[in-house]
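Only one structure is covered here, and it is reproduced in the block below.
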Amino acid sequence: MIWHLGVHPDHRRRRIARRLLDEGIRRARTMGMTALEAWTRDDAPARSLYEAAAFHRVASYWHVYMDGEQFKTAVPGLHPIESFAHYVGPDIAAIRPHCRRAYECVGYQLRL
């Protein structure tokens, strides 16, 4: 699993992220791993990086943030202030009006 791969903003656009990823792939192969997995949010450069390195999109879901007044609970006396949820349905457009914020989380996999 690749948890974090980042480059300081002052040093972006120099192919540093690609070199870091290539080194990680090389080390994973050396260790006998058979696959790598990476997850990213709504980040076009990160998605492009993984896709250019032959990672394949294997899953996605939405991170959804809502204020308490956007939903009800059946628990007496419980008054939600805010909520974080995962949405896996087919119609994010129907959910967006009820959210403070929503972004897609995408999973990639590379077979080694």
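Taken together, the values in this text are just the output of simple stated rules run on the coordinates, not laboratory data. If you're wondering where the values come from, they're calculated on a predicted model, not measured in any experiment. Cβ placement follows ideal geometry from the backbone for every residue including glycine, while neighbour counts extend to all protein chains displayed.
Springs between alpha-carbon pairs under 10 angstrom, Gaussian network model over the chain: which of 22, 43, 91 fluctuates most?
91
What is the distance, in nm, between label points placed 7 Å from the Cα along the Cα-to-Cβ direction at residue 57 and at residue 14?
3.1
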